[in-house]
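Every number in this text was worked out from the coordinates using simple rules, so none of it is lab data. Because the structure is predicted, anything quoted here is derived from the model rather than measured. A quick note on method: Cβ atoms are made from the backbone with ideal geometry, for glycine too, and the neighbour counts reach across all protein chains shown.
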Amino acid sequence: MEKTSALQVLGLANRANELVLGYDPVLSSIQKNKVKLVLIASDASSKTKDTFSKKCFFYKIEMLVVFTSSELSQALGRKTKIVGIKDQGFGELIKKRIEVK
């Protein structure tokens, strides 16, 4: 698994303004079908993971729990546990880098 290269792509997507960060903004974007991929920190609470798992299942959006909150925060430059990726290309590239089929 190439976490570092996936985190670099995530940082690039952040600079390209193709990310939604935080609980409420990502939840709202899921409901509006504006995100293509959701990343949840592995150390997020089980309630948060459950909520987003159900929302992503209902709206048919892929959700990954791969990175820790410190890894996400370091890549993005601010503390966050939930990231929504708006661009399909960035989402596919991140999945490819962490070898999720």
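Quick look at the values:
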{"quantity": "Beta bridge orientation in the chain: antiparallel %, DSSP, nearest 5", "calculated": "70"}
{"quantity": "Residue 23-residue 46 pseudo-label distance in nm [points 7 Å out on the Cα-to-Cβ vector]", "calculated": "1.7"}
{"quantity": "Span from the the stretch 28-67 Cα centroid across to the the stretch 73-101 one, whole angstrom", "calculated": "12"}
{"quantity": "Compactness of the stretch 3-97 - radius of gyration and Dmax, Cα, Å", "calculated": "11.7, 31"}
{"quantity": "Those residues of the stretch 1-20 whose amide nitrogen sits under 20 Å from the label point placed on residue 69, 7 Å along Cα→Cβ", "calculated": "7, 11, 20"}
{"quantity": "Estimated FRET transfer efficiency (residue 60, residue 15; beta-carbon r; R0 22 Å; 0.05)", "calculated": "0.20"}
{"quantity": "Most positive-pole-ward Cα, 13, 27, 84, against dipole of the stretch 3-97 from beta carbon charges", "calculated": "27"}
{"quantity": "Per-residue [θ]222 nm for the chain (sum of -39500 (n - 2.57) over DSSP H runs n ≥ 4, rounded to 500)", "calculated": "-16000 deg cm²/dmol"}
